[in-house]
Amino acid sequence: MTISLADALAIRETARHYKIHVLVNYETTWYASNKAAYDDVEQGRLGPIRRVVVHDGHEGPKEIGVGPEFLGWLTDPAQNGAGSLYDFGCYGVDLMTWMMHGETPLTVTALVNHDKPEIYPKWMTTPPSC
């Protein structure tokens, strides 16, 4: 939900102050294909997990019909931080945390491409440091 510890702590403080719950739901965990893979791992049909490659995403917010106000916010790094990098980047991490019962990975590698600079000229080509 954030790209900095300071922002995360501010969300926590606000939630505690107003006595509200903050929920982060990575909906890809509930995809039938991911549940089937999880079940296969749990039942030993795939053997131990040694390496997983996750490809996630869609055609792009403009291409799937996101409204103009939201599109402007989504594609502006000053407003949206790392945008799709953190959005889709978290799904593989979430999936593996679930499959590994919270076990910390030994290594993580991420590749970032800027495939549509003519449509998304402001998209970040390097992730922010956290």
| said: Looking at segment 57-84 only, could you name the residues that are in contact with a helix residue (DSSP H, G or I) (Cβ under 9 Å, 6 or more places away or on another chain), hydrophobic (A, V, I, L, M, F, W, C) and open to solvent by 30 Å² or more (accessible area, probe 1.4 Å)? | reply: V66, W73, L74
| said: Condition first: closer than 20 Å to L5 by Cα, without any contact (Cβ under 8 Å) to a residue 40 or more places away in the chain and of a type outside the set (G, A, S). Can you find one or more residues in segment 54-65 that meet it? | reply: no
| Scope segment 54-85; condition aliphatic (A, V, I, L, M) and under 21 Å from G102 (Cβ atoms); matching residues | V54
| remark: Taking segment 66-95 and keeping only residues that are among the β-branched types (V, I, T) and without any contact (Cβ under 8 Å) to a residue 12 or more places away in the chain, one is left with V66
| query | Of the residues in segment 34-56, how many are open to solvent by 80 Å² or more (accessible area, probe 1.4 Å) and either at pLDDT below 90 or over 21 Å from the mean Cα position of the chain (by Cα) (or both)? | reply | 9
| field | Some residue of segment 24-44 being in contact with a Leu (Cβ under 9 Å, 6 or more places away or on another chain), among the small types (G, A, S) and within 27 Å of V112 (Cβ to Cβ) | value | yes
| request: Could you name every one of the helices (runs of 4 or more DSSP H) located completely within segment 65-109 that has at least 3 residues being within 14 Å of the chain's Cα centre (by Cα) and modelled with pLDDT under 85? | output: 84-99
| remark: Restricted to segment 2-26 and to residues being surrounded by 11 or more Cβ atoms within 10 Å (Cβ to Cβ) and in contact (Cβ under 8 Å) with a residue 12 or more places away in the chain, the residue nearest to W98 (Cα to Cα) is Y26
| task | Can you confirm whether segment 89-103 contains a residue that is among the aromatic types (F, W, Y) and open to solvent by less than 50 Å² (accessible area, probe 1.4 Å)? | result | yes
| query | If T29 satisfies every condition in (1) hydroxyl-bearing (S, T, Y); (2) surrounded by 14 or more Cβ atoms within 10 Å (Cβ to Cβ); (3) closer than 20 Å to I3 by Cβ but one, which is the exception? | reply | (3)
| task | Go through the residues of segment 116-124 one by one and say whether even a single one is under 27 Å from L5 (Cα atoms) and open to solvent by 60 Å² or more (accessible area, probe 1.4 Å). | result | yes
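The values are calculated or read from the model by the stated rules, or taken from the named source; none is laboratory data. This structure is a prediction, so every number in the text was calculated from the model and none was measured. Note that we place each Cβ from the backbone using ideal geometry, even for glycine, and neighbour counts take in every protein chain shown. For accessibility, only protein heavy atoms count, side chains too; no ligands or nucleic acids. Shrake-Rupley method; radii C 1.70, N 1.55, O 1.52, S 1.80 Å.
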